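The next block holds one structure in the form of structure tokens; read it before the comments.
The values are calculated or read from the model by the stated rules, or taken from the named source; none is laboratory data. Every value quoted in this text rests on a predicted model; they were computed, and no experiment measured them. Cβ placement follows ideal geometry from the backbone for every residue including glycine, while neighbour counts extend to all protein chains displayed.
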There are 2 protein chains.
Amino acid sequence: MKLASLKHGRDGRLVVVSRDLTRATDAFPVVSTLQAALDDWERLHPRLVDLAEQLEHGSVPSFRFHEHDCASPLPRAYQWADGSAYVNHVALVRQARGAEMMPSFWTDPLMYQGGSDTFLGPRDPITLPDEAHGIDFEGEVAVITGDVPMGVTPHEARGLIRLVMIANDVSLRNLIASELAKGFGFFQSKPSTAFSPVAVTPDELGAAWVEGKLHLPLLAYFNGEQFGRPQAGVDMTFDFGTLIAHAAKTRALTAGTIIGSGTVSNRDADGGPGRPIAEGGLGYVCIAEMRTVETIRDGAPRTPFMRFGDAVRIEMKDAGGHSIFGAIDQIVRKHHD
Amino acid sequence: MKLASLKHGRDGRLVVVSRDLTRATDAFPVVSTLQAALDDWERLHPRLVDLAEQLEHGSVPSFRFHEHDCASPLPRAYQWADGSAYVNHVALVRQARGAEMMPSFWTDPLMYQGGSDTFLGPRDPITLPDEAHGIDFEGEVAVITGDVPMGVTPHEARGLIRLVMIANDVSLRNLIASELAKGFGFFQSKPSTAFSPVAVTPDELGAAWVEGKLHLPLLAYFNGEQFGRPQAGVDMTFDFGTLIAHAAKTRALTAGTIIGSGTVSNRDADGGPGRPIAEGGLGYVCIAEMRTVETIRDGAPRTPFMRFGDAVRIEMKDAGGHSIFGAIDQIVRKHHD
């Protein structure tokens, strides 16, 4: 089943979307928002599945689905906790800013509490005050959970994953070092995140969803050029069950909690950082990794961070080449007070 | 006006509470939850004020108000961002764990993104897996904002404060050092927070509310003994307007965002750390400060962190000795999977 929230009020208008992303039907007869659906999932999920089947069969009124009408599936959420499951990414960006890479990062998930109150829609501009902050995109996989009890095991947690999405975890690279040095984690360096137009149930991913990992390439395009296509199922040190269990160690998580994978990142076959697309590598789904690789090779980064007017597109396709989640496609714009 | 959310479903049942906290009336004829009220505050606030006046005059049906029936005013919120406005507290706890105290902490607010999806009710037990985590309470003042645009000034932000509460920002001290060393801020070391039974509009605080600071003592009791009564209006380096502006520097904040002051903490008259209550000082609203002072004086802490069965009570009284927000009153219990 595929779900989306069309822009409407603060929490969107829930629609069921056809598998091929061409048509949608209002979920209103069942429930009006995605958060409300998640709040009562056991009861409402079968009814939404029925609606999805009727939509595929053409036995329910439907309308043309436009990704640009979408808010993020949860336009605002009660929690957005972002892991760093691709430890390769962490090693690279830490190397770039001369920060310590602790060996425990390979066994104990890094996770930060993100702002969840004002997500951007997948086609909304990324409006920010200052190019000098070092605007970067980060392509990620993310899941939405049901209610998660404190102390859940990774195995149990996998069974509490309700929906899967992709994300653009916008980052302000030039604010990160000084903010993390203060010791309290990210805040101003992580502006509003955007999620894909559509969230899908894990069964919709078929054989690509294995034990809390999504085995498909995540595609990123920067100003129309392919920038990265790393395999999201490869080099993911912590599966989503492990990330959820980490988040729930000392508190329960409410239904509608979003857990992110961190920036998808693959090592090269020789164990080193991956090569750019132009050199036949899998590239990167954030600019920071490209800059780190440039720095390692040439002594200095060459690729600038995003400037006002720059565009990023992030999506994921199934084995048949069909977009699964729809595309995040955003332009960076200057914020005027 | 005073508002509370009685325990009911996920988001509570909004009631208007009498000034003396003895009676309440259902807000349902106006709006059913506090989040819904905040989402449409301009329109609904005057109607809630009318209801509060009718309640005071006895011209509306009412019932006895019991603080123990309350959830936190927002049982779950879209954002909980906690500042460290009492830099004295930061200096003390960092001294205790040998962490660096950056001079910028006096000019650039420290703030962490907290988990906002599962707040504890003010009389709920604090259920945690392990005493060895170093369970501590933290008494704070907190505000709930309306919609805050990106780039708001501190002065403008003060005008966007809708409600004021007090908080118990439960902390797991023995998890903090290793978690902050990872560089991504608090996560497991900050379990669910509790807020006071009642949230009040700033006008309800009268002369005690001055330019985004609350000039009254915050009272903490540990196992029935007074533990602290620091003045919340004193040594607050950053007023709430400044904290909100800090949070909104690179993103907008949605209505219902909760901003915390950090642990209220006063220096002694000579500029040193405050003295314990038993020595005629104002004491502390967290155990960590007591332990730091003990360590400074005697070389080692004497007061243990909270054990299962221990109780903490946090409240604030007006100049006439009447409880403003009702009391947070919680017992620590062991969590069983």
* With the condition kept exactly as written, say whether any residue in the stretch B:260-277 is in contact (Cβ under 8 Å) with a residue 24 or more places away in the chain, under 30 Å from residue B:146 (Cα atoms), within 14 Å of chain A (Cβ to nearest Cβ) and out of contact with any Cys (no Cβ under 7 Å at 6 or more places or on another chain). => yes
* To do: Sort out which residues of the stretch A:311-337 are in a loop (DSSP other than H, G, I, E, B) and in contact with a helix residue (DSSP H, G or I) (Cβ under 9 Å, 6 or more places away or on another chain), and write them in order of number.
  => A:318, A:319, A:324, A:326, A:327
* **residue A:37 at pLDDT 95 or above, in contact with a helix residue (DSSP H, G or I) (Cβ under 6 Å, 6 or more places away or on another chain) and in a helix (DSSP H, G or I)** => yes
* Looking at the stretch A:105-172, what strands (runs of 3 or more DSSP E) fall wholly within it and have at least 2 residues that are of a type outside the set (A, V, I, L, M)? -> A:111-114, A:139-145, A:161-168
* **Pairs with Cβ under 9 Å, 6+ apart, first in the stretch A:182-193 and more than 7 Å from every other protein chain (Cβ to nearest Cβ), second polar (S, T, N, Q) and part of a loop (DSSP other than H, G, I, E, B)** => A:189/B:250; A:190/B:250; A:193/A:72; A:193/A:116
* Are any residues in the stretch A:259-274 buried (at least 18 other Cβ atoms within 10 Å of the Cβ) and either modelled with pLDDT of 95 or more or not in a strand (DSSP E or B) (or both), and if so, which ones? -> A:259, A:260, A:261, A:262, A:263, A:264, A:265, A:266, A:274
* Structure fact -> Selection from the stretch B:9-27 of residues touching a residue at least 60 places away in the same chain (Cβ under 8 Å) and in a loop (DSSP other than H, G, I, E, B) yields B:10, B:11, B:12, B:19, B:20, B:21
* Asked: So is residue A:3 within 21 Å of residue B:117 (Cα to Cα) and out of contact with any His (no Cβ under 9 Å at 6 or more places or on another chain) or not?
  -> no
* Tell me, yes or no, whether the stretch A:243-252 has at least one residue that is away from chain B (no Cβ under 14 Å) and surrounded by fewer than 24 Cβ atoms within 10 Å (Cβ to Cβ). => no
* Asked: Going by the conditions given, is residue B:120 at the interface with chain A (Cβ under 7 Å from one of its Cβ atoms) and among the aliphatic types (A, V, I, L, M)?
  -> no
* Structure fact -> Of the residues in the stretch A:43-86 that are among the polar types (S, T, N, Q) and away from every other protein chain (no Cβ under 14 Å), the one that is surrounded by the fewest Cβ atoms within 10 Å (Cβ to Cβ) is A:59
* Structure fact -> Residues of the stretch B:239-292 being over 18 Å from residue B:167 (Cβ atoms), touching a Gly at 6+ places or on another chain (Cβ under 8 Å) and of a type in the set (A, V, I, L, M, F, W, C), in sequence order, are B:248, B:255, B:277, B:282, B:290
* Qualifying residues in the stretch A:275-310 (those that are on the phi > 0 side of the Ramachandran plot and assigned to a loop (DSSP other than H, G, I, E, B)) - the one surrounded by the most Cβ atoms within 10 Å (Cβ to Cβ) -> A:309
* When residue A:234 is evaluated against the numbered criteria (1) over 30 Å from residue A:50 (Cβ atoms); (2) away from chain B (no Cβ under 14 Å); (3) touching a residue at least 40 places away in the same chain (Cβ under 8 Å); (4) not small (Gly, Ala, Ser), which criterion, by number, is the only one it fails? -> (3)
* Structure fact -> Out of (1) small (Gly, Ala, Ser); (2) under 24 Å from residue B:170 (Cα atoms); (3) at pLDDT 95 or above, the one residue B:248 does not meet is (2)
